[in-house]
Amino acid sequence: MSEQRRDDPEPRLLHLLEPDEQLHVAARARDAYLAVTDRRVVVMEEGRIALDIGFDELRRIQFDVEADRPATLVIVPESALDEPQVLAIPADAMKRTTEALAVIGARLALRAQRTR
């Protein structure tokens with residue numbers, strides 16, 4: 001009865017949140033989970049944290065959608081020490097992923113306004 005839905009956030013990912021941190025959206029990729037909080041972007045892959053960066057540490061996001069194959073989401077951090085993440089997004093996870101992208105885009109726009 002407590003079976004996890006395929007689009008529910010990975011429980012181990014939820015344990016990473018600080019007590020006062022708010023999860024805005026979590027999306028499932030083929031082999032990973034993407035979480036966007038009020039502070040950061042987290043990618044969990046095979047039970048390990050593959051990326052955990054604040055919005056100010058994010059350089060670029062690229063989202064490619066093609067017919068007849070999963071979409072590709074590329075997350076590029078500012079620091080070369082943080083490995084870019086390439087996620088395959090299945091069609092049934094597209095809506096949650098685009099919600100995550102909207103949150104990230106809004107945060108990047110705020111960052112750009114602050115630096116003007």
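Could you grab the pairs with beta carbons closer than 7 Å, sequence gap of 6+ or different chains, first residue in region 4-22 and at pLDDT below 90, second one of a type outside the set (A, V, I, L, M, F, W, C) and surrounded by 12 or more Cβ atoms within 10 Å (Cβ to Cβ)?
If the second residue must be of a type outside the set (A, V, I, L, M, F, W, C) and surrounded by 12 or more Cβ atoms within 10 Å (Cβ to Cβ), the pairs left are ARG6/ARG28; ASP7/ARG28; ASP7/ARG96; PRO9/TYR33; GLU10/TYR33; LEU13/TYR33; LEU17/THR37.
Under the condition of being among the small types (Gly, Ala, Ser) and surrounded by 16 or more Cβ atoms within 10 Å (Cβ to Cβ), which residue from region 62-111 is nearest to THR37 (Cα to Cα)?
So the first thing to find is which residues in region 62-111 are among the small types (Gly, Ala, Ser), and the list is 67, 71, 79-80, 88, 91, 93, 100, 102, 105-106, 109.
Adding the requirement that they be surrounded by 16 or more Cβ atoms within 10 Å (Cβ to Cβ) leaves 71, 93, 100.
Details: ALA71: 22, ALA93: 18, ALA100: 9 Å.
For region 62-111, the residue satisfying everything is ALA100.
Of the numbered conditions (1) more than 23 Å from ILE49 (Cβ to Cβ); (2) surrounded by 13 or more Cβ atoms within 10 Å (Cβ to Cβ), ARG114 fails exactly one; give the number of that condition.
(2)
The values are calculated or read from the model by the stated rules, or taken from the named source; none is laboratory data. Not measured: the values here are computed from a predicted model. Positions of Cβ are backbone-derived with ideal geometry, glycine not excepted, and every protein chain shown enters the neighbour counts.
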